[in-house]
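Chemist: Handing you this structure, nothing more for now.
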Amino acid sequence: MSLAGVSPDRRAKAELDLLNQSFPGMTKSATTNGTPYYPEHVDITITTTAGNRYVVRLVIPAAYPDTMPTMLVMNPKPLVDNDRKPLLGVSAKMHVLASIDGCTCLCHYAGDRWDASLSLHMVVMKGGIWLEAYEGHRRNGKPIDFWLSHKDPGGSTAAPSAQPQPTPSVLPRAMPSVKPTVATPASTQPLLQ
């Protein structure tokens, strides 16, 4: 479904329905983002191909979709690097931005590359790719840049700023697929295998 020209209420319903279908355990905040259409945030559990579970939070700004959402890793908290140091500061090689409330803020799009045609689902999928790269980092110590590039298709490069604004296009290099799971305490099995 193209999101161009869709009314805000229909877009919100379509986006939240797609997230709920892809990630059935998604939880929404009780408060809205200042509009009648979107919650302030959604929490989604992502299970990687190694079977590890992470909870990511999309913070949806009131100006969404014209302003991009922020993506935080809520669990585990803090997220640590291969040397067991918290990933809480800005790092271009690790594709992270300034932390918020002790949570790692993931890069997913560059501010100048974001536009209203992009969706929350696309952001979550990029988060899943980042988590797969993160697990590779934990196995071999190589930075996230080993798997993901800061290069956009036009060839320019950029490092993340200190503000929570996602980085340039994150291009996966042979990353495995993400397996959505139901985010309930009783469920530990991926829905897709």
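Here, each number is a calculation from the coordinates, and none is a lab measurement. From a predicted model like this one, the values you see are computed outputs, not experimental measurements. Quick reminder, even Gly has a Cβ in these numbers, built from the backbone with ideal geometry, and neighbours come from all protein chains shown.
Chemist: Test of understanding: what is the full-extension gain from M122 to D145, defined as 0.36 nm times their sequence separation minus their Cα-Cα distance?
Modeler: Between M122 and D145, full extension yields 6.3 nm more.
Chemist: How would you rank W147, W130, going from fewest to most other Cβ atoms within 10 Å of each one's own Cβ?
Modeler: W147, W130
Chemist: By a straight-distance test (C-alpha under 12 Å), which aspartates and glutamates pair with K77 as possible cross-link partners, with residues fewer than eight away in the same chain excluded?
Modeler: Within reach: D101.
Chemist: In addition: With θ set to phi - 60°, apply the Karplus curve 6.51 cos²θ - 1.76 cosθ + 1.60 along segment 14-23 and write out the HN-Hα couplings as whole Hz, x wherever there is a Gly or Pro.
Modeler: Once θ is set to phi - 60°, the couplings for segment 14-23 become 4, 5, 5, 5, 5, 4, 5, 5, 6, 9 Hz.
Chemist: Something else about it: What pairs from K28/K93; K93/K126; K85/K126; K13/K142 go past 28 Å between their alpha carbons?
Modeler: Too far apart for the 28 Å limit: K28/K93; K13/K142.
Chemist: Sticking with this one: Could you pull out which residues in segment 93-108 have an amide N less than 19 Å from a spot 7 Å beyond the Cα of T31, following the Cα-Cβ vector?
Modeler: 100-103
Chemist: Next question. Would you calculate the separation in nanometres between label points at D66 and V6, each defined as 7 Å from the Cα along the Cα-to-beta-carbon direction?
Modeler: 1.9
Chemist: Using the Kirkwood radius over Cα pairs, work out the Stokes-Einstein diffusion coefficient for segment 47-93 at 37 °C and 0.692 mPa s, in µm²/s as a whole number.
Modeler: Rounded, D is 259 µm²/s.
Chemist: Under a point spin-label approximation (7 Å from Cα along Cα-to-Cβ), what is the R138-D115 distance to one decimal in nm?
Modeler: 3.7
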